[in-house]
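A quick write-up on the structure given underneath.
The values are calculated or read from the model by the stated rules, or taken from the named source; none is laboratory data. Values in this document were obtained by computation on a predicted structure and should not be read as measured data. Note: ideal-geometry Cβ built from the backbone for every residue, glycine included; neighbour counts use all protein chains shown.
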Amino acid sequence: MQTKIYIVFCFCLFCSLSFAQNTVSGKITTQGGMPLSGSHIHIGTKTVSSDVSGNYSIKKLPAGNIKVFVSYVGYKSVDTLVNLSGDQVLNFTLKENTDQLREVIIRQKANTLNKSLLEQKIKTETIEKFSNQTLGDILKEVAGVSSLKTGSSVVKPVINGLFGSRVPVINNNVRLEDQEWGTEHAPNFDVNAAGKITVIKGASGLQYGGDAVGGLVVIEPVSVKRDTLFGKTILNLASNGRGGSVSTSLHKGNDKGWSWNALGTFKYSGDKEAPDYVLSNSGNREANFSGDVKFTGKKYDISGYYSFYNTTIGILSASHTGNVNDLYNSITNKIPSVVNDFTYTIKNPKQKVQHHLAKLNYNYYFDETASLAVQYSFQFNERLEFDVRRGGFSNVAALDLELTTNAINVDYKKALHDWTLKTGFNTSFQNNFANPATGIDPLIPNFERIEFGTYGIASYDVSDSFSVDAGMRYDFSQVDAAKFYYKSRWDERGYATEFADFIVGENGLKWLVKPSFTFHNISASAGFHKEFDADLNWYSNISLATRNPNPSEFFSDGLHHSTGIIELGDLALDKEQAIKLSTTLQKKWTAFSVEVNPFINSVRNFMFLRPIDFETTTRGAFPVWEYQQTNARLTGVDVQTHWKISKQWQHDFALGYVNGKDLTNKESLIDIPPLNFSNKIQFSKNEWNDLKLELKSEVVLRQNQFPDNNFITNIIVNNELVPVLVDISTPPPAYQLLHFYSEMKFKTFGKTNATIAFSVQNILNTTYRDYLNRQRFFADEMGRNFQIQLKFNY
Amino acid sequence: MKNSKILAIALITLVSFSSCNNDDPIAVNEEEVITTVTTTLTAGSQTITMTSRDLDGDGPNAPVVTVSGDLLVNTTYTGAVRFLNETVTPVDDITLEIKEEGDEHQLFFQAPATIGAFTYADADVNGKPIGLAFTLKTGTAAATGNIVVVLRHEPAKSAAGVAAGDITNAGGATDAQITYPVKVK
């Protein structure tokens, strides 16, 4: 008689703290009080045997409800659920029985097999706070994660100093393919659809890809594993932007049979305001939907998922510059060149982006230890960028890219005693169509990309307190593009000899070129986790990531309107390889815990933009920046502490520091986040309707390590051309911001409850500019913002 | 087996998507590109033509600037500026667009006082200058210097001094900026 018990934790809803580690110990005896030596104790995913005195101890157990199973041949097994919230002593008395031993298998859904890298998890509760904001804003809650912004609505995550193609975003097991190479392209994702967000600060998430030079963001949707139906509505009102959002979701959970989820979100905001002026044309809109249906059978489950993300984002009017003179004026005047009265209207320049994601999943459980997952996904991303244009073109997008991605993932997982093995492959086909109806030669050309990858990861529990893991991945990638190049550009780039074979046609002053590239890449990860006594944990991981040049690095060829720079790609670029060594020490005392995570990331062939020259066009002279490769080294440390001062008071501290060096050119890397730290003090009192009051101070120092890319240009002063220095390098000064957050929970009727939150961002209405905001040359950051949030659970 | 069926369907879908062709991209006619800025100065029978031509747009080749002759001292020239896009056939005359959208454009002329002084000779629907037509009164003594012609898109035409030709408060985005080296004798 064999009974299979599947226990799936619904961490997604009730996320446990990532560093909750508890020890359970006790003694197993017979009814007569005799110790049972060699009895089998299974708690959570851990298994031990009792010693000669019947004693046992299991460490590293997560808090919350956990399955406990105790057995001994010839005795009745104990099978129970225990709520762990600290170290506990559990003694068991087993009754004699002649029944056969029952087997219990615990299946826990884990993101990755990285036991050697401490993953940073963001809980649903925190995600809800940011319901009105973006993914990039939420991720800043993790020490070592910053954001690269364009204005206030386009926010990209920066992990340990790296971003864009170096930080893939995995949404619901699908790699987001949304033109992520662009610095002003934010991840196309509605934060309300996230149940849990995990940040992996390294390349060790090998099942998702081998190119995460910076790190990975893994998003999992809300998923309910018990038989229930509930809904949630979040309403936000914000004073800055005079807008808000509403998000409603319904969840039907089930452990067997049908379950489904549906979510809709609307956001609407007008111009944001800096302390001294309106940030004209900074409004945004969003209308999103996502939903899934799942059927869970006895040995399998099958599910279908669809999501649609649709946004319109205004780009600050003042950030559109025609030439270097305009840029110089903006930097020197320190006020935006365009300031209008507040409006909800979004004019050009603006972005309109739609992202569709549809997928089918099939999971088959062979037995208690082995499972197979098959997934097919389809993504369609349409990016329209409207610019200030002349001659009736204002309603025609200046950039129109349609990116279609089809992918299949197959993953197999097997648990064997102390071993866990995971292997699989994925293949994808991607097509980019650059619509010529724009009337402008596209920045990113038409291309097709075929990829195939396969990986294997193993983790092994050497002992209760020591585990190791290792993995390897191989990727094949082929890119075939088609693009027109000015013959003059083709020669200037030096392609005439090296890439003459790519030329397939001619059109006036331009060549029609079909570049084709093939890559074979290897990536790998290895590490260990050692637990010492007294709640001291040591995680260490080394990973090798390999990233191919992205379309922008290969093909960029033209003027960037917000930076007044001509950006040039290079067909001769080679892949980039990073070796990242990361270690985390975590120590917990009764009321205080600290986590220190130093890292060193050594990147060979690091691709970056570097100023090389000037080119004169009809619009004037422009600096030219080209993609180059160098050997770079990023070192840094992330620190987090948590202090439970008393029952009501808590304190949190987070610090992130990165130093980026270009070793070849012996200078600093550009766009490295400056040293920043935050202090948060929280008061909570359950008796007063779960009152929570939080005050947060955010300090961002001035970045003193930066490359000098300043240049001289001629401007007109008193009708004469005068040379001036255009300072595009000097980072803005340090700043400190204060934020306030408060909430109270109310029971309404029946099972429903409501939460009311009131918050203020930038309480002191501080005027500041952020080094990592592309619009720092043109305008200040947002000023004070009052926000009210109403949340209903029903 | 259910999973093999699903795999088969997925593979078929993938193959059918993969089989679409990567057709050659269509050559874009970049209609907004200004390749050529021609400024003519006429006084009596003398016509001076100043041209800046950059056929590769934002490409690496610099504009070729030619000035057909020297200006005479103390002379009033009637000036006109034409903007052309010579990358398309037939050549597109962008001057007409600028005239039609006159309220969204303004030209600015900059030169040292020794070269001369400029006055607008046209107006948009609001009575503000465009600058496609102007007069240049040259200086009283021989001089050399540059005449800089700037075309601004969406300038603040009502800002102080802008209607009189002062670019300082104009704002907007620069669509063209040409420097012609000239000699007054």
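Per-residue answers, yes or no, for (1) modelled with pLDDT under 50; (2) under 18 Å from A:ALA415 (Cα atoms):
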| site | (1), (2) |
| --- | --- |
| A:ILE5 | yes, yes |
| A:ASN22 | no, no |
| A:SER25 | no, no |
| A:PRO35 | no, no |
| A:SER39 | no, no |
| A:VAL48 | no, yes |
Any chance A:TYR300 is surrounded by fewer than 17 Cβ atoms within 10 Å (Cβ to Cβ), assigned by TED's automatic domain parsing to the domain that holds A:ASN773 and more than 23 Å from the chain's Cα centre (by Cα): yes
Condition met for B:ALA170 (in a strand (DSSP E or B) and either in contact with a Lys or Arg (Cβ under 7 Å, 6 or more places away or on another chain) or farther than 22 Å from B:MET50 by Cα (or both)): no
Members of segment B:147-168 that are of a type outside the set (D, E, K, R) and either surrounded by 22 or more Cβ atoms within 10 Å (Cβ to Cβ) or at the interface with chain A (Cβ under 10 Å from one of its Cβ atoms) (or both): B:ILE147, B:VAL148, B:VAL149, B:VAL150, B:LEU151, B:HIS153, B:PRO155, B:ALA156, B:VAL162, B:GLY165, B:ILE167, B:THR168
The lone exception for A:ILE335 - which of (1) in a strand (DSSP E or B); (2) within 14 Å of chain B (Cβ to nearest Cβ) it fails: (1)
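Can you name the residue in segment A:572-585 that is buried (at least 21 other Cβ atoms within 10 Å of the Cβ) and not hydroxyl-bearing (Ser, Thr, Tyr) and is also nearest to A:GLY86 (Cα to Cα) among such residues?
A:LYS580
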Residue in segment A:176-186 that is hydroxyl-bearing (Ser, Thr, Tyr) and within 26 Å of A:SER280 (Cα to Cα) present: yes
Residue, farthest from the other protein chains (Cβ to nearest Cβ), within segment B:130-146, restricted to residues that are in a strand (DSSP E or B) and surrounded by 15 or more Cβ atoms within 10 Å (Cβ to Cβ): B:ALA133
Residues of segment A:401-425 classified as free of Cβ contacts under 8 Å to residues at least 40 places away in the same chain, more than 11 Å from chain B (Cβ to nearest Cβ) and outside any loop (DSSP other than H, G, I, E, B), total: 4
Filter result for B:ASN3 (surrounded by 13 or more Cβ atoms within 10 Å (Cβ to Cβ), at the interface with another protein chain (Cβ under 7 Å from one of its Cβ atoms), at pLDDT below 75 and outside any helix (DSSP H, G or I)): no
Selection from segment B:58-84 of residues that are within 22 Å of B:LEU132 (Cβ to Cβ) and crowded, with 19+ Cβ neighbours inside 10 Å: B:PRO63, B:LEU71, B:TYR77, B:GLY79, B:VAL81, B:PHE83, B:LEU84
Matching residues in segment A:663-685 - criterion: being more than 23 Å from A:LYS149 (Cα to Cα) and part of a strand (DSSP E or B): A:GLU667, A:LYS680, A:ILE681, A:GLN682, A:PHE683, A:SER684, A:LYS685
Boolean, A:ILE457 is within 12 Å of chain B (Cβ to nearest Cβ) and among the β-branched types (Val, Ile, Thr): no
Complete set of residues in segment A:349-370 that are within 23 Å of A:ARG175 (Cβ to Cβ) and either without any contact (Cβ under 8 Å) to a residue 40 or more places away in the chain or buried (at least 20 other Cβ atoms within 10 Å of the Cβ) (or both): A:GLN351, A:VAL353, A:HIS355, A:LEU357, A:LYS359, A:ASN361, A:TYR362, A:ASN363
Test: A:ASN310 is in a strand (DSSP E or B), within 10 Å of chain B (Cβ to nearest Cβ) and at pLDDT 90 or above: no
Condition broken by A:LYS334, with the remaining ones in (1) in contact (Cβ under 8 Å) with a residue 24 or more places away in the chain; (2) over 30 Å from B:ASP93 (Cβ atoms) satisfied: (1)
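Can you work out which of the residues in segment A:725-740 that are β-branched (Val, Ile, Thr) and crowded, with 17+ Cβ neighbours inside 10 Å is nearest to A:PHE758 (Cα to Cα)?
Result: A:ILE728.
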Hits in segment A:342-371 - residues which are more than 14 Å from chain B (Cβ to nearest Cβ) and hydroxyl-bearing (Ser, Thr, Tyr): A:THR343, A:TYR344, A:THR345, A:THR369
Residues that are assigned to a strand (DSSP E or B) and farther than 21 Å from B:ASP122 by Cβ, drawn from segment B:79-91: B:ASN85
Members of segment A:609-626 found to be within 11 Å of another protein chain (Cβ to nearest Cβ), at pLDDT 85 or above and within 10 Å of A:LEU568 (Cβ to Cβ), listed by number: A:GLU615, A:VAL624
Residue satisfying all of: in segment A:534-566; of a type outside the set (Val, Ile, Thr), modelled with pLDDT under 85 and part of a loop (DSSP other than H, G, I, E, B); farthest from A:THR518 (Cα to Cα) among these: A:ALA534
Residue list for segment A:436-454, filter: of a type in the set (A, V, I, L, M) and more than 7 Å from chain B (Cβ to nearest Cβ): A:ALA437, A:LEU443, A:ILE444, A:ILE450
In segment A:383-397, residue farthest from the other protein chains (Cβ to nearest Cβ) [restricted to those that are crowded, with 20+ Cβ neighbours inside 10 Å and in a strand (DSSP E or B)]: A:ARG383
Some residue of segment A:181-193 being at pLDDT 90 or above and of a type in the set (Phe, Trp, Tyr): yes
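Going through segment A:671-717 one residue at a time, which ones are of a type in the set (A, V, I, L, M) and over 30 Å from B:GLN177 (Cα atoms)?
To start, the set of residues in segment A:671-717 that are of a type in the set (A, V, I, L, M) comprises A:672, A:675, A:681, A:691, A:693, A:695, A:699-701, A:712, A:715-717.
Residues satisfying the conditions are A:ILE672, A:LEU675, A:ILE681, A:LEU691, A:LEU693, A:LEU695, A:VAL699, A:VAL700, A:LEU701.
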Residue tally, condition over 15 Å from A:GLY656 (Cβ atoms) and either at pLDDT 90 or above or surrounded by fewer than 24 Cβ atoms within 10 Å (Cβ to Cβ) (or both), over segment A:143-171: 12
Extreme residue, surrounded by the most Cβ atoms within 10 Å (Cβ to Cβ), among residues of segment A:75-110 that are at pLDDT below 50 and touching a Gly at 6+ places or on another chain (Cβ under 8 Å): A:ILE106
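In segment A:715-730, is there at least one residue being under 30 Å from A:VAL596 (Cβ atoms), in the same structural domain as A:PHE614 (by TED's automatic domain parsing) and touching a Ser or Thr at 6+ places or on another chain (Cβ under 7 Å)?
The answer is no, given that none of the residues of segment A:715-730 is under 30 Å from A:VAL596 (Cβ atoms), in the same structural domain as A:PHE614 (by TED's automatic domain parsing) and touching a Ser or Thr at 6+ places or on another chain (Cβ under 7 Å).
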